[in-house]
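The structure appears below as structure tokens.
The values are calculated or read from the model by the stated rules, or taken from the named source; none is laboratory data. No experiment lies behind these values; they were computed from the predicted model shown. We place every Cβ from the backbone using ideal geometry, glycine too, and count neighbours over all the protein chains shown. SASA here: full protein model, heavy atoms, side chains in, ligands and nucleic acids out. Shrake-Rupley method; radii C 1.70, N 1.55, O 1.52, S 1.80 Å.
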Amino acid sequence: PLIGRNIDAAIMHFMRDAISCAVEEQCRRALAALPASASFVAHVRDVVREFTEASPTLAAVAERLRVSTRTLQRRLAREGTTLHDLIDGERRARAEELIEDGAALKEAAFRVGYADPSALARARRRWLKT
């Protein structure tokens, strides 16, 4: 019985090491496949872009990224930005693209999440200052 237990323990130890090595190798491959610019901010921008007709809330973005709202805020702060800044940048890009493509200010305002065209006009003046 003692020999049998030792063999079982040795097999379990070997299996644990083999599984650990396999998982570690898969993680290395997955990380290597990521683009070099795959920063957290880039991931957040991608999520913000998914909300095409409205501005996402902090909770909605955090949920999509599977992190807490506090973790989302902390990680963005570590990279020198906020969710508001990222949303504003995406709104700006989408609004300018719509306007360049001939959309009326009212339509562009609505499509990027502003309640009325005057809010978009104020934002555009603010964007020009930066």
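Under unit Cβ charges (Lys, Arg +1; Asp, Glu -1), what dipole magnitude, rounded to 20 debye, does the chain have relative to its Cα centre?
Details: 22 positive and 18 negative charges, 104 e Å.
Dipole magnitude for the chain comes out near 500 debye.
Per residue, how much accessible area does the chain have with a 1.4 Å probe, in Å²?
Result: 72 Å² per residue.
Go ahead and estimate [θ] at 222 nm for the chain from helices alone: -39,500 (n - 2.57) per DSSP H run with n ≥ 4, summed, over the residue count, rounded to 500.
That calculation yields -24500 deg cm²/dmol at 222 nm.
Considering the Cα trace of the chain, what is its radius of gyration and what is Dmax, both in angstroms?
That works out to 24.1, 83 Å for Rg and Dmax.
Taking 0.36 nm per residue of separation and subtracting the Cα-Cα distance, what length does fully extending THR71 through SER39 add?
On the way: separation 32, 0.36 × 32 = 11.52 nm, distance 1.48 nm.
Here the segment from THR71 to SER39 would lengthen by 10.0 nm.
Test of understanding: what is the full-extension gain from SER20 to THR57, defined as 0.36 nm times their sequence separation minus their Cα-Cα distance?
Numbers: separation 37, 0.36 × 37 = 13.32 nm, distance 3.81 nm.
Using 0.36 nm per residue and subtracting the Cα-Cα distance, I get 9.5 nm.
Can you give me the distance in nm between label points at ARG78 and ALA93, each placed 7 Å from the Cα along the Cα-to-Cβ direction?
Computed distance between label sites ARG78 and ALA93 equals 2.3 nm.
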